[in-house]
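Below is one structure, written out as structure tokens, with a few remarks after it.
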Amino acid sequence: MRFRSVLPAIIISLVLISFVFFLWAQKNKPASFEGIKIITGSANHRIQMPTGVAVNRQGNVYITNLENAKILIFNPSGDYIGEIGKKGAGQGQFGLPWDVVIDSRDNIYVVDLAFHRVQKFDADHNFVLEFGAKGDAEGQFDTPFALAVDKQDNIYVLDTGNSRVQVFNSNGKFVRMFGEPGNAEGQFIKPSDLAVAPDGRIFVVDFDNARVQIFDSSGRFLTKFGQAGSMFGDLAQPKGIAIDRHGIVYVNDVATNLVNVFNPKGDFLFRFGGPGAKPGRFRNPGKSCVDKDGKLYIADSQNNRVQVMIPIYHQGDYKSDECLTSCHQDVDPEEFSQKYPHVPVDSYGSCDLCHRLENALGILGVGNIDRAEVCVDCHAGKTASRYVHGPVGTGECGDCHKAHGSKYPRMLFENKEEVCYYCHPDDDFVQRKFIHDPLAKGNCVKCHDPHGSEEKFFMRKPTLEICLECHGQFKFPEDEYVHGPVAGGDCDACHDPHSADNASLLRKEGNALCFICHSESIIAKKNVHQPLIENGSNHKTSCLICHTPHQSRSKFKLRTGPDKLCFTADCHDDQQADFSKPYKHGPMRDADCSTCHSPHSSNGNFLLKFDYPKEKNNKFTESLYELCFQCHLRSLVTEKLTTEKTNFRNGNKNLHYVHVVQKGRNCDLCHDIHSSNNELLVREFDMYPKDSLAKANINKFKLVVNSNGGTCEQNNCHAGHLSYSRLKAR
């Protein structure tokens with residue numbers, strides 16, 4: 001009778017214990033990994049480019065091997081015990097065996113990327129059946145990338161090329177499908193993997209959309225998580241997925257070589273891994289699976305191995321409030337109630353996610369592991385960069401961050417700019433007249449990664465890319481001429497990235513900035529172009545009058561073509577270089593003033609590159625006309641008699657020789673040096689009415705040309721009309 005009276009109480013107690021155990025199992029989260037086992041194979045059975053992995057009920061591991069188109073099989077200890085298939089297109093053969101799954105009866109399913117099919121083998125590795133073919137109809141595939149199996153042994157095939165999931169029963173009969181191309185909910189772009197959770201929900205890795213989508217067992221969209229980025233919970237290039245018995249989701253990212261861990265709802269928990277070949281590091285992690293004991297198997301493709309991670313599941317035995325009240329009263333309890341708490345404290349209220357409480361030897365109670373490695377368990381990838389920030393490199397994460405909680409974002413000791421100034425005094429940056437906007441706002445991390453980067457000075461991206469994020473007006477089309485520092489992504493060659501005493505954060509004022517790179521010898525000659533005469537901040541005495549400092553569609557980074565640049569109201573509009581006239585001097589026609597003129601300085605008149613007489617009357621020497629002889633034949637002037645050098649002759653008498661050599665007249669007495677309405681650039685009006693050759697009110701100059709010669713009408717040089725003929729001298 002007494003037994004009967006206590007029996008209900010015993011039953012109720014057992015039910016309560018079972019319920020508590022159930023709640024414990026649902027709340028458990030993997031905190032870290034107590035061990036890592038590496039499977040590489042033996043000398044004769046080496047794993048090469050593994051992409052898929054599965055484990056049967058006995059713990060045997062099946063690994064797809066791309067290099068030799070086989071499935072290699074290992075026992076739970078990692079010893080080789082057999083293989084399935086060989087290279088070929090027949091039954092039981094593979095082209096590119098990409099993924100493998102095992103159902104509840106230890107049947108093995110292998111998806112073949114090359115032949116767009118799925119093959120089934122029994123537990124003894126005998127071929128059973130195949131289904132699928134190239135196409136887009138029901139039961140057909142286009143580059144199927146992955147497989148999954150549910151509790152009913154239905155097979156889910158990720159039909160990547162068709163952006164959909166197809167479901168088959170264990171006999172290969174089509175059941176249903178869902179998904180289509182796109183980036184909306186329920187759509188995919190290059191999906192890369194899928195898994196079925198213990199509750200029957202289907203998780204699909206949407207590679208190009210950088211997310212994971214969740215569907216119910218019928219294929220109805222439920223929710224999604226993840227987005228493109230590099231912050232916690234972001235996914236760059238998610239490739240593989242596995243789900244354990246508690247519903248914890250592991251997502252492999254091939255861009256970062258990290259494994260991101262989420263709870264069953266898709267909330268980010270932590271991440272681990274990073275690039276490398278050491279245990280716990282990855283190079284292009286492929287697909288994953290979790291066995292019945294909760295061990296995580298990851299196909300580490302380019303390291304030619306499978307890593308087996310054995311998670312430690314936090315049981316909630318060590319609560320932060322218990323630790324503080326029992327032993328660690330010296331820790332400020334306010335750290336645990338700050339606005340920005342550490343996730344282990346906030347989510348679990350536990351200490352043993354970071355502190356190893358049994359047989360602890362180190363400061364953090366983590367044996368001989370330094371504190372940086374403890375942080376990297378969750379914040380992986382921070383120490384893998386080429387350039388690592390000092391505190392990160394020395395493992396002193398606590399130099400910037402509080403361990404338990406802070407009133408400042410990212411658990412910083414102070415506001416982010418104040419943290420930087422502990423090591424980088426603000427006197428070096430903000431005491432100048434002009435301050436870079438991010439620095440003025442205390443936002444150093446706008447440009448710099450506080451942990452590490454592949455770029456010098458911990459820049460988040462190459463310098464030019466970062467600058468263009470704010471200064472997008474400076475775009476550089478392929479057809480433009482780009483200033484050297486800009487083309488090299490070295491904006492700080494001219495601009496100080498923090499502060500300066502000059503506008504636009506320029507390192508020096510005016511033309512002195514240009515002469516950091518360009519030699520001052522360009523202004524060392526007798527006559528200097530006006531913009532270069534003074535070295536000041538006035539725009540009219542600056543290289544920037546003619547040149548743009550970033551890019552231009554004109555050579556030499558000129559602001560515009562010389563035909564418009566030189567002849568403006570502020571510069572040379574008084575030279576009567578009318579581009580509308582039909583006949584133009586060659587350099588004018590080519591819009592290249594620099595053919596004759598030096599744009600910076602010259603020893604010649606009018607900044608001419610070579611000698612040319614300034615006066616109209618000169619004693620002739622060849623060197624006096626060196627400028628003209630750069631393009632025109634010397635014999636055009638120097639030969640007294642000719643029948644072919646020029647048409648301007650009387651019989652065979654060279655009239656250029658008469659004018660230039662004998663009379664000492666210069667070329668521009670008769671020819672306009674820029675443009676004219678007359679052939680051969682012959683002048684219409686005398687350009688020098690007040691010189692020694694001028695006569696009152698006789699300024700017109702007119703040459704009438706006929707088929708054999710011409711007539712020079714009355715002008716400043718000749719009284720009356722003078723004629724010449726090439727056929728018979730006059």
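So if each residue of separation counts as 0.36 nm, and I subtract the Cα-Cα distance between Asp490 and Lys555, what length gain in nm does that give?
Full-extension gain reported as 21.3 nm.
If you count, for each residue, the other Cβ atoms within 10 Å and average over each peptide, how do 116-122, 283-289, 483-489 line up from highest to lowest?
283-289, 116-122, 483-489
I'd like the FRET efficiency for Lys653 and Ser580, computed as 1/(1 + (r/R0)^6) with the beta carbon distance as r and R0 of 56 Å, rounded to 0.05.
That gives a FRET efficiency of 0.95.
How far, in nm, would the chain grow between Ser519 and Leu129 when pulled straight, counting 0.36 nm per residue and subtracting the alpha carbon separation?
132.5 nm
Of the listed peptides 467-474, 88-95, what is their order by residue-averaged count of other C-beta atoms within 10 Å, with the highest listed first?
Ranking, from highest mean packing down: 88-95, 467-474.
What FRET efficiency would be calculated for the residue pair His424, Lys461, taking the C-beta separation as r and a Förster radius of 22 Å, to the nearest 0.05?
E between His424 and Lys461, to the nearest 0.05, is 0.60.
What distance in nm separates the two pseudo spin-label positions at Ser594 and Asp153, each 7 Å out from Cα along the beta-carbon direction?
Reported label-point gap for Ser594 and Asp153 is 8.0 nm.
Among 148-158, 581-591, how do they line up from the highest to the lowest mean number of other beta-carbon atoms within 10 Å?
Descending packing order for the listed peptides: 148-158, 581-591.
What FRET efficiency do you get for Lys728 and Asn617 if R0 is 22 Å and r is their Cβ-Cβ distance, rounded to the nearest 0.05?
Values: r = 31 Å, r/R0 = 1.40.
Taking R0 as 22 Å, the efficiency between Lys728 and Asn617 is 0.10.
Can you pull the percent of the stretch 194-321's accessible area that's carbon plus sulfur, 1.4 Å probe, other chains left in place? Intermediate values should be presented prior to the final figure.
Numbers: 2050 of 4390 Å².
That share works out to 47 percent.
Can you compute the modelled spin-label distance between Val482 and Ala137, with each label point 7 Å from Cα toward Cβ, in nm?
Going by the 7 Å Cα→Cβ label model, 5.2 nm.
Return, ordered by residue number, the residues of the stretch 113-143 whose backbone nitrogen is under 14 Å from a label point located 7 Å along Cα→Cβ of Asn171.
Within reach of a label on Asn171: 129-130.
What length, rounded to one decimal in nm, is gained on full extension from Arg105 through to Ile38, with 0.36 nm per residue of separation minus their alpha-carbon distance?
Fully extending the segment from Arg105 to Ile38 adds 21.4 nm.
Tell me, what is the 1.4 Å probe accessible area of Arg460, in Å² to the nearest 10?
Its accessible surface works out to 110 Å², give or take rounding.
The values are calculated or read from the model by the stated rules, or taken from the named source; none is laboratory data. In this text the structure is predicted, and so the values were computed from the model without any measurement. Glycine gets a Cβ as well: all are built from the backbone with ideal geometry, and neighbour counts include every protein chain shown. The area values use the complete protein model at the heavy-atom level, side chains included, leaving out ligands, DNA and RNA. Shrake-Rupley method; radii C 1.70, N 1.55, O 1.52, S 1.80 Å.
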